[in-house]
Amino acid sequence: MGAILENLTTGGPVIALLAVISLLSITLIAVKLLQLWPVTSGKDQRQNAIELWQTGDKHGAQAQIEQGKSPADRILQYAMGALQNGLKGPLLTAELERRGNEEVQRMNGLIRLLELIAMVSPLLGLLGTVLGMIQSFQELELAQGAANASVLAGGIWQALLTTAAGLVVAIPAAIAAGLFSARIDRAALMIESAVGQLMLADHGR
């Protein structure tokens, strides 16, 4: 463990910055995982609620989704309440679209920051490598050819360490951002599907 810490400290401020960014990335991934875990849940309950609505059991339909935790549940619950209060047509459509956009925007929060981490971390690692290589060759020049080859190789190895660290930080962030974005897209489609089915069921009644 001590050897690992010693190797990390030899990377200089770039390694320290990447360590901070890594902690930030892990925290963001954990927060988004907790937030997005339930966003695709409740499909069967929504389907049952829409079937109850179509049969005229409005209270039963609303009771089916009262405890729902997904954006589609919240939008569907509002749509049912609005229809029961007589709100229909373009006004209801516009309000549902606004609420749906807000839900998607809320789910997308911090995803851009993860994408930025995935993009910037390799560049920081490359910067550290370039700076380390410059320092190694400066030492070689100052030694006027008398430098030990193993010492030079050690300096180059330490410089390349920052590139590896940048990739280690970037890869999980990029994977997480991609998976989260795909899950958000699924949740958005579920919102559209649930609202569309409700409108058809209400029209059928």
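The values are calculated or read from the model by the stated rules, or taken from the named source; none is laboratory data. Quick caveat: nothing in here was measured; it's all calculated off a predicted structure. Glycine gets a Cβ as well: all are built from the backbone with ideal geometry, and neighbour counts include every protein chain shown.
Only one entry of Val130, Val169 meets the criterion of being modelled with pLDDT of 95 or more and part of a helix (DSSP H, G or I), and that entry is Val169. Condition check for Gly89 on (1) on the phi > 0 side of the Ramachandran plot; (2) modelled with pLDDT of 95 or more: one failure, at (2).
Scanning segment 27-54 for residues that are in a loop (DSSP other than H, G, I, E, B) and aliphatic (A, V, I, L, M) returns a single hit, Val39. The single residue among Ala188, Ala182 that is under 24 Å from Leu96 (Cβ atoms), touching a residue at least 60 places away in the same chain (Cβ under 8 Å) and in a helix (DSSP H, G or I) turns out to be Ala188.
For Leu24, the stated conditions do not hold, so it cannot be described as touching a residue at least 12 places away in the same chain (Cβ under 8 Å), crowded, with 19+ Cβ neighbours inside 10 Å, in a helix (DSSP H, G or I) and within 26 Å of the chain's Cα centre (by Cα). Taking every residue in segment 81-101 that is over 16 Å from Gln197 (Cα atoms) and pairing it with any residue that is of a type in the set (Ser, Thr, Tyr) and not in a loop (DSSP other than H, G, I, E, B), at least 6 positions away or on another chain, the pairs with Cβ-Cβ distances below 7 Å are Arg99/Tyr78. With respect to being part of a helix (DSSP H, G or I), modelled with pLDDT under 90 and exposed (fewer than 14 other Cβ atoms within 10 Å of the Cβ), Ala146 falls outside the description. You will find that of Leu87, Leu83, Leu92, the residue that is aliphatic (A, V, I, L, M), outside any helix (DSSP H, G or I) and within 22 Å of Ala201 (Cβ to Cβ) is Leu87 and no other.
Against the numbered list (1) in contact (Cβ under 8 Å) with a residue 40 or more places away in the chain; (2) farther than 30 Å from Met119 by Cβ; (3) touching a helix residue (DSSP H, G or I) at 6+ places or on another chain (Cβ under 9 Å), Glu66 comes up short only at (1).
Conditions (1) touching a His at 6+ places or on another chain (Cβ under 7 Å); (2) of a type in the set (D, E, K, R); (3) more than 25 Å from Leu114 (Cα to Cα), marked per residue:
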site: Val20; (1), (2), (3): no, no, no
site: Leu24; (1), (2), (3): no, no, no
site: Trp37; (1), (2), (3): no, no, no
site: Thr40; (1), (2), (3): no, no, no
site: Ile50; (1), (2), (3): no, no, yes
site: Lys58; (1), (2), (3): no, yes, yes
site: Leu91; (1), (2), (3): no, no, yes
site: Glu97; (1), (2), (3): no, yes, yes
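Among the listed residues Ile111, Ile75, Ile117, which satisfies the condition of being at pLDDT 95 or above and farther than 25 Å from Ile175 by Cα?
Details: Ile111 fails: farther than 25 Å from Ile175 by Cα; Ile117 fails: farther than 25 Å from Ile175 by Cα.
None of the others qualify; the one that does is Ile75.
The single condition among (1) outside any helix (DSSP H, G or I); (2) within 15 Å of His203 (Cβ to Cβ) that Lys69 does not meet is (2).
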